[in-house]
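The values are calculated or read from the model by the stated rules, or taken from the named source; none is laboratory data. Bear in mind that the values here come from a model prediction, so they are computed numbers and not experimental data. Every residue, glycine as well, gets a Cβ built from its backbone with ideal geometry; the counts of neighbours run over all protein chains shown. Surface accessibility is based on the protein's heavy atoms, side chains included, excluding ligands, DNA and RNA. Shrake-Rupley method; radii C 1.70, N 1.55, O 1.52, S 1.80 Å.
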Amino acid sequence: MTDSPMTRDKETLERRLITVASGKGGVGKTWLSCTLSHALATAGKNILLFDGDLGLANVDIQLGLMPDRDLGQFITGEMSLRDIACRYEDQGGTHFDVLPGKSGSGALGSLTKETLVKIRTGLTAMASRYDHVLLDLAAGIDPSVTTLSKHKGKVLVVMTADPTSLTDAYAFIKITAMRNPGADLSIVVNNVASKREGEKAYEAIKRACEGFLKISPPLAGIIKNDAKVVDAIRAQVPLLARHPQSEAASDIKALAAVVAGR
Ligand SMILES: Nc1ncnc2c1ncn2[C@@H]1O[C@H](COP(=O)(O)OP(=O)(O)OP(=O)(O)O)[C@@H](O)[C@H]1O
Ligand SMILES: [Mg+2]
């Protein structure tokens, strides 16, 4: 059976989605989503960043934005996704668009499957105007995470060298591979002391995936632990604007090249 043109269009747009997920909380998903968006924008890409941590959204906080609209207005039907988009722009004029979540209210923490699919469909439609649409997801493997990562685009699984992060990343990969066979999964090891430590952590998750799931997600990048990351988050300024020469900045630029090219 051949695909209809509509199915093909949907697939083409879905391939522009890049989900950032992890299983374990606090491994750097939000920081990575913001910084990767900025790096891709710096490389000339047209980027939309969606804050998909629906219960505890904080992309806007890391970017120092104060949006007056958020996903809440889309959920109630008052506004379209396009209407709630705002813009991050650095001092050099590099910019990308942001769809803010609903910070701190917790009100969006338990949306119905139907609403989650509506958000995913809306993001796929928005992808027609962008090179990439990044989705910063919540920790865990609840329905918001599994529904928003069920697409044909990339799924970046962020982990650290911590064994609990490896276990949770594996759980996320297992669920995703079951619910979304053929998912374009790859691994980012963040917050490591050295490249070697990152490579060892990647080898461990790769072995588990190959042994038990018969899949072999590639390594997308290794990001070093860098005090400049913490400083940039505290200052609510993206790392590439505040510390463009830092180690973590160059690691993120390398990741951006892989993500944009693959
Ligand atoms: N490469 C790094 N170097 C140094 N610190 C880092 C690095 N990456 C992340 N961190 C630290 O980890 C903290 C958590 O990051 P972040 O909020 O992005 O995690 P998260 O995975 O989005 O968390 P949550 O699961 O709660 O959404 C940051 O505030 C920062 O202190
Ligand atoms: Mg987060």
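Before moving on, here are some points about what is shown:
- Beta bridges assigned by DSSP with both partners in region 5-259 are antiparallel in approximately 15 percent of cases.
- Heavy-atom accessible area per residue - the chain, 1.4 Å, Å²: 45 Å²
- ³J(HN,Hα), Karplus 6.51/-1.76/1.60, whole Hz, each residue of region 156-162, x for Gly, Pro: 8, 9, 8, 9, 10, 7, 5
- Residue-by-residue Karplus 3J(HN,Hα) for region 163-171, coefficients 6.51, -1.76, 1.60, Hz, glycine and proline x: x, 5, 5, 5, 4, 6, 5, 4, 4
- Relative packing of peptides 207-220, 156-169, 241-254, 26-39 - highest average C-beta neighbours within 10 Å first: 26-39, 156-169, 241-254, 207-220
- Database remark: amide H of L54 closer than 5 angstrom to the amide H of A138 (H placed geometrically; neighbours at sequence offset of 5 or more, or on other chains; Pro and chain starts carry no H).
- Karplus-derived HN-Hα couplings along region 55-65 (A = 6.51, B = -1.76, C = 1.60, θ = phi - 60°), whole Hz, x at Gly and Pro: x, 9, 4, 8, 4, 4, 5, 4, 8, x, 9
- Between R82, R120, R15, the residue with the greatest mean-square fluctuation in the GNM of the chain (Cα pairs under 10 Å linked by springs) is R82.
- Global geometry of the chain, whether rounded, prolate or oblate, following the gyration tensor of its Cα atoms and the 1.5 cut on a/c: rounded
- Stretch gain in nm, segment T12-T121, where the contour uses 0.36 nm per residue and the Cα spacing is subtracted: 37.9 nm
- Flagged links, alpha-carbon separation over 20 Å, of K152/K224; K154/K206; K154/K174; K45/K200; K154/K228: K152/K224; K45/K200; K154/K228
- Packing rank of 183-194, 57-68, where each peptide gets the mean count of other beta carbons within 10 Å, highest leading: 183-194, 57-68
- Rounded percent of accessible protein surface that carbon and sulfur make up, region 5-259, 1.4 Å probe: 52 percent
- FRET E, pair A43, E210, Förster distance 30 Å, beta-carbon r, rounded to 0.05: 0.40
- With the charge dipole of the chain set up from +1 on Lys and Arg Cβ and -1 on Asp and Glu Cβ about the Cα centre, the Cα lying farthest toward the positive end among the listed residues F212, T112, G153 is that of F212.
- Other-chain or far-sequence residues with amide H under 5 Å of M79's (modelled H): F74
- Positive dipole terminus of the chain, leading residue within Y202, V59, A227 (C-beta point charges): Y202
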